[in-house]
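*Asks:* The structure under discussion is supplied below as structure tokens; questions concerning it will follow.
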Amino acid sequence: MKLLVRVGSVFLMVLLAGCASQGGGGGAASTSGDSGGGARVQSAGAGVTITEPAPMADVSSAVEICMETKGYTVEPSKNGINEGKGHHHLIIDVDLPDLGQPVPHDDKHIHMGDGSKCKTIELSSGMHTIQALFARGNHIPYDPAVTDSVVVFVK
């Protein structure tokens, strides 16, 4: 049963990422396997990777989520709009927001405007999709989206 849930969740994650890329992501999403046995959905040639937790990991709440960038510089939002620079946002269990608008600020859209690369969040037990979304100092994401996504299972 657990295998069926995991396979189904990978299918759902790929389906949702495909829908998100249709909604303004410029079709940049692609899928690639990873050594952890799960699927990872990432922007093609993108500059952000969720390094923790691993895709399909069983985790406890509070969950530490860490990202690294390649080709982009992480800086606090107070530094303003600087091309190739910005900060992380965590999108929890919802589709990516409109890439032409500032990222909303609520419990599903977590801002990391201080320029941090890791954030610890509380999640209820069950399956969760965590997406990293990189945006400029004004909280407007790059288009196509600079994003990565993992599914985790909170005990």
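The values are calculated or read from the model by the stated rules, or taken from the named source; none is laboratory data. In this text, all values refer to a predicted model and were calculated from it rather than measured experimentally. Methodologically, a virtual Cβ is constructed for each residue, glycine included, from the backbone with ideal geometry; neighbour enumeration extends over all protein chains shown.
*Asks:* Pairs, please: C-beta under 8 Å, at least 6 apart or cross-chain, first residue modelled with pLDDT under 95 and in the range 139-155, second surrounded by fewer than 23 Cβ atoms within 10 Å (Cβ to Cβ) and of a type in the set (D, E)?
*Replies:* That search, which allows pairs on different chains as well, returns K155/D58.
*Asks:* So which residues in the range 122-155 are surrounded by fewer than 18 Cβ atoms within 10 Å (Cβ to Cβ) and either within 9 Å of the chain's Cα centre (by Cα) or of a type in the set (K, R) (or both)?
*Replies:* Residue satisfying the conditions is K155 alone.
*Asks:* A further question follows. Kindly check whether there is at least one residue in the range 104-119 that is touching a residue at least 60 places away in the same chain (Cβ under 8 Å) and not basic (K, R).
*Replies:* yes
*Asks:* With the requirement that a residue be in a loop (DSSP other than H, G, I, E, B) and of a type in the set (G, A, S), what does the range 86-139 give you?
*Replies:* Once the filter is applied, which keeps residues that are in a loop (DSSP other than H, G, I, E, B) and of a type in the set (G, A, S), the range 86-139 yields G100, G113, G115, S116, S124, S125, G137.
*Asks:* Among the candidates E83, E68, which residue alone is surrounded by fewer than 11 Cβ atoms within 10 Å (Cβ to Cβ) and not basic (K, R)?
*Replies:* None of the others qualify; the one that does is E83.
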